[in-house]
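The values are calculated or read from the model by the stated rules, or taken from the named source; none is laboratory data. Owing to the predicted nature of the structure, the values given are computational and were not obtained by experimental measurement. Every residue, glycine among them, receives a Cβ derived from its backbone with ideal geometry; neighbour counts consider all protein chains shown. Accessible surface is based on the protein model in full, side chains and every heavy atom, while ligands, DNA and RNA are left aside. Shrake-Rupley method; radii C 1.70, N 1.55, O 1.52, S 1.80 Å.
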Amino acid sequence: MLKSFIIISFTTIAITSGNKYQKFFTEDYDNGLKILEKYDKRFSFICNNFKVPPNYVKSIVFPETIRYNTFKDFFETSSLELLYISNGSEAVDFSIGYFQMKPSFIEELEVAVKNSSDYLKEKYKSVYSFNKESVKDRRIIRLERLKNIDCQITYICCFFDLLNFEYPNLKENETEMIQFYSSAYNFGFKKPPEKIKAWSKVKAFPYGSSFDGEQFSYSELSLHFLQK
């Protein structure tokens, strides 16, 4: 009887939590799920190729699929791309695609994996390798990759593996791992770990920390997706 009560109670909590997020984000929540469902086979194929659990990487980017539907019209402008090609991410940085990756994030990822272990360098050679030498040509290629779903999933796998390499002890606790990894994705994986951990509790999604209304932490949405 006690065992049944615990199972029923947990299920009730999960359903209530899910309704809360769906009520807040309305159709954007469902559209986010549809994006991940649409590319489920690509996630499975690419993640299995890199030996990364698909549900982990999906949970990390799930909140961004919600935000993509909210802000996609604002970010989809060719003028920002032209500014980036000419002047780099220092001059203009903007989110691209379903997972709302920024060029600066990819640039950091390229450097990080190139400076990591020999195993990861070989595994993710496609992330930092270019067939062009000029800086502008590489920026063009980087933007093309950011618009390609297979490349986006590869980037997330690389990000996940890099954090596994940097923080091996976090793998012992799935909840803490996803909270930290998703916060690092949202906040910046080059930030000090104590600041990333603190950010996991900050309710600033999706409108930012200056917004006074109801919001959620990025990590709680990631964890919700993983556990639902």
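Within the full protein context, the accessible area of residue 107 is estimated at about 40 Å² for a probe radius of 1.4 Å.
Before rounding to the nearest 500, sum -39500 (n - 2.57) across all DSSP H runs of length at least 4 in the chain and divide by the residue total; then give [θ] at 222 nm in deg cm²/dmol.
-22500 deg cm²/dmol
Heavy-atom accessible area for residue 126, with the other protein chains in place and a 1.4 Å probe, reaches approximately 70 Å².
Taking Cα centre as origin and charging only the Cβ of basic (Lys, Arg, +1) and acidic (Asp, Glu, -1) residues, the dipole magnitude of the chain rounds to 340 debye.
Just checking the listed ones, 95, 117, 134: in the Gaussian network model of the chain with Cα springs under 10 Å, the one fluctuating most is 134.
Overall, the stretch 115-215 carries a charge dipole of about 460 debye about its Cα centre when +1 sits on the Cβ of Lys and Arg and -1 on the Cβ of Asp and Glu, all other atoms neutral.
Heavy atoms of the protein chains alone define the surface here; on that basis the chain has 55 Å² accessible area per residue at 1.4 Å probe size. Compared with the dominant Cα axis of the chain, that is its longest principal axis, helix 218-227 is turned about 60°.
Please give the helix 54-75 orientation as an angle from the longest Cα principal axis of the chain, in degrees from 0 to 90, rounded to the nearest 10. Orientation of helix 54-75: about 70 degrees from the principal axis.
Dipole size of the stretch 147-191 about its Cα centre, with +1 on Lys/Arg Cβ and -1 on Asp/Glu Cβ: approximately 260 debye, rounded to the nearest 20.
Which order do 138, 145 take by accessible area at a 1.4 Å probe, largest first?
Most to least solvent-accessible, the answer reads 138, 145.
When the Cα gyration tensor is reduced to axis lengths a ≥ b ≥ c, the ratio a/c is 1.5 or higher for the stretch 98-216, and with a/b not above b/c it is classed as oblate. Excluding same-chain neighbours fewer than eight residues apart, the aspartates and glutamates reachable from residue 51 by a Cα-Cα span under 19 Å are 40, 118, 122, 150, 161, 166, 172, 174. Dipole of the stretch 62-216 computed with +1 at Lys/Arg Cβ and -1 at Asp/Glu Cβ about the Cα centre; of 113, 160, 204, farthest Cα towards the positive end is 113. Cross-link partners for residue 228 among the lysines, with Cα-Cα distance under 21 Å and sequence neighbours closer than 8 places in the same chain left out: 3, 20, 23, 34, 38, 41, 58, 171, 201, 203. Axis of helix 174-187 versus longest Cα principal axis of the chain: the two differ by about 40°, to the nearest ten degrees. With every protein chain in place and a 1.4 angstrom probe, the accessible-area ranking of 165, 180, largest first, reads 165, 180. The accessible-area ordering, largest first, of the residues 217, 79, 210 stands as 210, 79, 217, per a 1.4 angstrom probe.
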